[in-house]
Structure formats: structure tokens, C-alpha cells
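Shown next, in C-alpha cells, is the structure this report addresses.
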Amino acid sequence: MTASIRVIESSLTTPKVRAVPLERPWEWLGAGWKDLWRAPAASISYGLLFAIMGYILVSLVVTRFQFALALTTGFLLAGPFLAMGLYDISRRLEAGEVPTFGQALTAWRHNMLPILLFGLLIGLLMIVWVRLSALLFGVIVRDLSLDGSVAQLFFSGSGLTFLIVFTLVGAIIAAVVFAISVVSIPMMLDHKIDFITAVLTSLTAVSVNPATMALWAALIVIFTGIGLITFYIGLGIALPLIGHASWHAYRDLVEDGGIERQPF
């Protein structure tokens with residue numbers, strides 16, 4: 001049995017979140033996997049597009065390891081926003097429609113201003129993360145030359161220190177982004193709802209389901225990591241799988257609460 005919790009009290013109908021069992025993320029993945037193969041052309045094309053864009057972006061800074069590392073791990077920050085078209089595909093499948101790649105690319109138009117505001121926030125966080133990683137690298141790894149092999153980073157005292165600090169700081173930023181975005185972006189796509197209410201709903205969903213959402217975050221990291229270590233090729237499947245599953249997570253965690261859903 002699940003419990004519902006009102007996010008905020010006001011004169012308007014406000015969203016409610018549900019407390020869900022710990023094992024529910026596996027069901028989200030199962031539902032996401034089904035969506036992926038119900039619309040393989042649109043889903044995989046969408047995933048490959050952003051995988052290629054990410055590969056090109058990282059290749060531009062490949063000679064500067066700290067920037068390449070920051071941009072690669074930055075997929076965990078930008079992922080919820082980049083997956084918006086995948087939410088739209090799952091939404092259309094849920095409604096019995098046949099989704100297309102073009103519709104997925106323009107999904108942001110359904111609730112333009114709140115979605116663009118969130119995109120701006122994610123963009124600013126990405127800039128902060130890239131600059132912060134470069135600063136950490138410059139301060140901690142001052143005497144290390146990476147001209148020969150990146151492996152030097154893993155076998156030097158300063159290199160290991162950098163990796164530990166980099167991971168800890170990145171985990172904190174990623175946790176914040178996850179908490180504010182895990183249901184807010186699909187919610188803004190699904191309803192004509194404002195940015196603040198969507199973020200509050202997302203924070204409440206995480207606070208009500210800390211263990212379940214921690215497991216979900218870990219699964220996202222694992223599947224994204226698999227996609228990244230395959231030189232971005234695996235993201236063609238991993239990103240659609242996570243995106244579709246995230247839609248089902250949102251639908252499971254947030255009640256409609258009488259709020260009218262967006263038309264297609």
C-alpha cells in the first residue's frame with residue numbers, strides 16, 4: 001500500500017507524491033526496456049544523437065584530461081534534461097500514440113518557459129562543474145605530466161588525491177541535481193506546471209523515498225557508466241533505457257492530483 005503526501009498547501013490543486021517499495025526501480029527499468037523496444041527507431045536514434053554529440057564535445061578537449069573527465073561525468077548532470085524526448089516517447093506510448101523522432105526532439109515546446117529555465121540551471125551547473133574540476137586539477141595535480149599516459153594519474157599520490165576529491169565533489173553536485181530533477185522534468189513535460197512546484201515535488205519524492213531513490217540513483221550511475229566506458233556507443237541503449245524508466249518512475253511517484261495533463 002502506498003501513501004500520498006501533499007507537496008504544498010495552497011488554494012490550487014497541488015501534486016502529491018507516493019511512498020513506494022524499495023524494489024520498485026527494477027520495475028521502472030523493466031517498463032523502460034519495454035518502451036525502448038516498442039519504439040526502437042525513435043528511442044535509439046535519440047540516444048545515439050546525444051551519444052555522438054557527447055563524443056564530439058569530449059574529443060574537442062581530449063588533450064586536456066581534466067576537461068574531458070568533467071564533460072564525461074557531466075552526463076550524469078545533464079542526463080535528466082537530455083532525456084526529455086524519451087519522456088515524450090513514453091508518454092505517447094502510454095496514450096496509445098505512435099511516437100516519432102521529430103516529436104521527441106521538440107518535446108520541450110509543451111511547457112517551454114519552465115523547461116528552458118531548468119535547462120539554464122543545468123547549463124550553469126555544468127559550467128560550474130567543468131571549471132571546478134579544472135581548478136581542483138590545477139591545485140592538487142601540479143607536478144604531474146599527462147603527456148605520456150593518463151595512467152600516471154592513477155599511480156601518483158597527487159593523482160589519487162585528485163580522483164578522490166573529484167569523485168566526492170562530483171557526487172555531491174550530482175546528488176543535488178538528481179534530487180531536483182528526478183521527477184521535475186517529466187512532470188513539466190506532462191503538466192502545465194511551474195518550475196518551482198516541479199522542483200518541490202521532486203525534492204519531496206526523494207525525501208519520502210530515500211532508500212528507493214538512492215537505489216534508483218545508483219542504477220542510473222551504473223547504466224550511464226556502462227554507456228560511457230564503451231566510448232559512448234553504449235549510451236545509444238543506456239540513455240533510452242534510463243529515460244523511459246525515468247518516465248515510469250515519475251508516473252509511479254507523482255499523483256496527477258486533479259491537474260490537467262498537457263495535450264500532445
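Distance in nm between label sites at Leu124 and Ile226, each 7 Å beyond Cα in the beta-carbon direction?
Computed distance between label sites Leu124 and Ile226 equals 3.6 nm.
So how do Asp194, Asp88 rank on accessible area, 1.4 Å probe, biggest first, that is with the largest at the start?
If we order Asp194, Asp88 from most to least accessible, we get Asp194, Asp88.
For Leu132 and Tyr55, FRET efficiency with R0 = 22 Å and r from the beta-carbon atoms, rounded to 0.05?
The calculated FRET efficiency here is 0.45.
Convert each backbone phi in region 87-95 into a coupling constant with the Karplus relation 6.51 cos²θ - 1.76 cosθ + 1.60 (shift: θ = phi - 60°), then list the ³J(HN,Hα) values in order as whole Hz, x for Gly and Pro.
Rounded to whole hertz, the list is 4, 5, 4, 5, 4, 5, 4, 4, 8.
Just for the Cα atoms in region 66-113, what are the lengths along the principal axes, largest first, rounded to whole Å?
Principal axes ranked by extent give 45, 22, 15 Å for the Cα atoms.
Using θ = phi - 60° and the Karplus form 6.51 cos²θ - 1.76 cosθ + 1.60, what ³J(HN,Hα) does each residue of region 43-58 get, whole Hz, x for Gly and Pro?
5, 5, 4, 5, x, 5, 4, 6, 5, 5, 4, x, 4, 5, 4, 5
Output ³J(HN,Hα) for region 165-177: one whole-Hz value per residue in order, computed from phi by the Karplus curve 6.51 cos²θ - 1.76 cosθ + 1.60 with θ = phi - 60°, and x for Gly and Pro.
Taking θ as phi minus 60°, the curve returns 5, 4, 5, 5, 5, x, 5, 5, 5, 5, 5, 5, 4 Hz for region 165-177.
The values are calculated or read from the model by the stated rules, or taken from the named source; none is laboratory data. Quick caveat, the model's predicted, so the values are computed rather than measured. Note that each Cβ is placed from the backbone with ideal geometry, even for glycine, and that neighbours are counted across all protein chains shown. Ligands, DNA and RNA are stripped out before the accessible areas are found, and what is left, the full protein with its side chains, is counted by its heavy atoms. Shrake-Rupley method; radii C 1.70, N 1.55, O 1.52, S 1.80 Å.
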